[in-house]
Amino acid sequence: MDGRPFFVMTDPGCFDVSYRINPWMDPDAWTPDDAAAACAGSAKLRQALEVAGARVEVIGAVRGLPDLVFPANAAVVLNGKVLLARFRHPERQGEEAIFRSVFQRLKARGYVREIVDLSDGLFHEGAGDAIWDHDRGFFWGGYGPRSSRGALSVVRKTFGREVVPLQLATEAFYHLDTCFCPLAGGQLLYYPAAFTADALATIHERVPEHQRIEATSDEAAALCVNAVNLGSTVIMARAPDTLRQKLNSRGYELIEVDLAPFIRSGGAAYCMTLRLDRTSLPAASILAAE
Ligand code: ARG
C-alpha cells in the first residue's frame, strides 16, 4: 500500500445480464450495445477513482460469470484481513473460487495479510452487506435477501468489531450497499423505505437526525446511494438534480458516471469496486486487538 486508497475492479469484458436474481435484471432486454456501454462506463468509473487519488487494480473477466464485475460482493476486508463471501444464488457461486485466487495472489504480493473462510451453512455477500463506518468504528451489517443474519456474528468475530444488524425489507434493495452509504464526516445517505421498522429504529438510534440524508425513491432507483466516498468526493451513477443539491449543500462534491448497463444488473459505483486498504486502528493497536 502506498497511502492511496486501493480498489479492485473487474474487467467488464464478459459482463451481461443473462439471468435474473434480482428485480433489476431482465435478460431479454440486454443488447450488444449495452455491452459496449458497460466497457465505457467501467473505464470512466476507474478514471474517476484515479482522479480522486485512488489506485485501481483490474482483475480479469471470466466467461460465464457476468457478475464478477461486482467485486464488492467478493469479501469483507479490514486491516488486511479478508473474509471470503459465499453467494446465495448458484449463478454467482462460481465467482467464489476466482476471487479466492485473486486474494491469494494479492496476499503473495503483500496487499493482504490473512484470508478467512465463512463457516458452512451461511451466506454472506461481502462488502455489499458489511459496510465499514470509519467515523463510528463499526460495521453496518445488512441481511435478509442475500446474507444470512447468522453470518454477521462471523464478521464480528473475524474483525473484532461491532456489527450493527440492519434487516433489508425489499427484494429491489437486496444488498445494504444499494440503500445505505456512510460518508466521511459522519453523514449517512440512505433510503428509508428499503429497511424494516426495526432497522430504521436502529439507524435513528445510532445516527442523529442532523447527520441523516434521506434519498427519495427516484434517487434510490437511479442506484445513486451505491456510491464510493473519498473524503468530500462522492462518486456515483448519474444523479437526479435533487440529490446533487442535497449533497452539495452538505459540503460533498459529486462525480457522476454513466453506469446504466450495470444498473440493469442491480449494481452501480460502490459494488463495482472493493476497497482493500481500509483500516480501523493505528497499526500498533491492530495487533493488540487480535
Ligand atoms: N446482478 C448482481 C446480483 O444480483 C448485482 C450485484 C450488485 N452488488 C451489490 N453489492 N449491490 O448479485
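Dipole magnitude for the chain: about 820 debye, using +1 per Lys or Arg Cβ and -1 per Asp or Glu Cβ, origin at the Cα centre. Around the Cα centre of region 1-88, unit charges on the Cβ atoms of Lys, Arg, Asp and Glu (plus for the first two, minus for the last two) sum to a dipole of about 440 debye. Accessible surface for Asp16 stands near 50 Å², nearest 10, in the context of the full protein assembly shown (1.4 Å probe). Put simply, the amide H of Ala215, placed in the peptide plane, has neighbours under 5 Å in Tyr190, Tyr191, leaving out anything fewer than 5 places away on its chain.
The accessible area of Ser119, taken with all protein chains in place and a 1.4 Å probe, comes to roughly 50 Å². Estimated from helical segments only, the mean residue ellipticity of the chain at 222 nm is -8000 deg cm²/dmol, where each DSSP H run of four or more residues counts as -39500 (n - 2.57). Derived scalar couplings between HN and Hα for region 246-254 equal 4, 6, 4, 5, 9, x, 9, 9, 9 Hz in order, rounded to whole Hz, by the Karplus curve 6.51 cos²θ - 1.76 cosθ + 1.60 (θ = phi - 60°), x for Gly and Pro. The share of accessible area on the chain that comes from carbon and sulfur is 49 percent, using a 1.4 angstrom probe. Taking amide H atoms as placed 1.01 Å from N in the peptide plane, the amide H of Val58 lies under 5 Å from those of Met9, each 5 or more residues away in sequence or on another chain. Rounded to the nearest whole Hz, the Karplus-based 3J(HN,Hα) values (6.51 cos²θ - 1.76 cosθ + 1.60, θ = phi - 60°) of region 9-23 follow the sequence 10, 10, 3, x, x, 10, 6, 7, 10, 10, 9, 10, 10, 8, x, with x at glycine and proline. Distant-in-sequence amide contacts of Val112, defined by a placed amide H-H separation under 5 Å and a gap of 5 or more residues or a different chain, comprise Lys107. Accessible surface computed residue by residue for the chain, with neighbouring protein chains in place and a 1.4 Å probe, gives 41 Å² per residue. Largest mean-square fluctuation among Glu205, Glu91, Glu57, in a Gaussian network model of the chain whose springs join Cα atoms under 10 Å apart, belongs to Glu205.
Around the Cα centre of region 181-256, unit charges on the Cβ atoms of Lys, Arg, Asp and Glu (plus for the first two, minus for the last two) sum to a dipole of about 140 debye.
The string of couplings for region 194-209 from the Karplus curve (6.51, -1.76, 1.60, θ = phi - 60°) is 7, 10, 5, 4, 5, 5, 5, 4, 4, 4, 5, 5, 8, 10, x, 3 Hz, one whole number per residue in order, with x for Gly and Pro.
The values are calculated or read from the model by the stated rules, or taken from the named source; none is laboratory data. The structure displayed is predicted, hence computed values, not measured ones. Positions of Cβ are generated from backbone atoms using ideal geometry, with glycine treated the same way; all protein chains shown enter the neighbour counts. Side chains included, ligands, DNA and RNA excluded: accessible areas come from the protein's heavy atoms. Shrake-Rupley method; radii C 1.70, N 1.55, O 1.52, S 1.80 Å.
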